[in-house]
1. Can you pull out the residues in segment 55-82 that are surrounded by fewer than 16 Cβ atoms within 10 Å (Cβ to Cβ), among the hydrophobic types (A, V, I, L, M, F, W, C) and over 20 Å from Asp14 (Cβ atoms)?
2. Quick check, is Glu27 out of contact with any Lys or Arg (no Cβ under 8 Å at 6 or more places or on another chain) and either at negative phi or among the hydrophobic types (A, V, I, L, M, F, W, C) (or both)?
3. Starting from segment 1-27, take each residue that is at pLDDT 90 or above and list its partners that are among the polar types (S, T, N, Q) and not in a helix (DSSP H, G or I), counting only C-beta distances under 9 angstrom and pairs at least six apart or across chains.
Amino acid sequence: MNEFILVEFIALGDDRAILIDKLEKLEGDFQFIKTHADYDIRHDTVINEWYIVFGRIDSMYASMIKLQDPFLSERMRISYISEELKNKYRS
């Protein structure tokens, strides 16, 4: 049985297009949930724009990404790991 974890990928500015392309290439290994944009605004001027993609991914595949794809690895944050999966690796 596959163990899925919730992840978010965060891209800043021009990295958005690269992130989208790489996530689309993951096909069924990444299950898209939603996107969100966040902005750093100072004095009515946008300083930074973050593009955030939320989804589910198999825990073993997430480990492979961390080891083999520096671009995705730097932008991947694990949002949620089930207690069952945590306990599996604690033993």
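The values are calculated or read from the model by the stated rules, or taken from the named source; none is laboratory data. None of the values given here were measured: they were computed from a predicted structure. Heads up, the Cβs are rebuilt from the backbone with ideal geometry, glycines too, and the neighbour counts pull from every protein chain shown.
1. Within segment 55-82, Met60, Met64, Leu67, Ile78 meet the criteria.
2. Details: out of contact with any Lys or Arg (no Cβ under 8 Å at 6 or more places or on another chain): yes; either at negative phi or among the hydrophobic types (A, V, I, L, M, F, W, C) (or both): no.
No.
3. Note: pairs meeting the criteria are Leu6/Ser79; Val7/Ser79; Glu8/Ser79.
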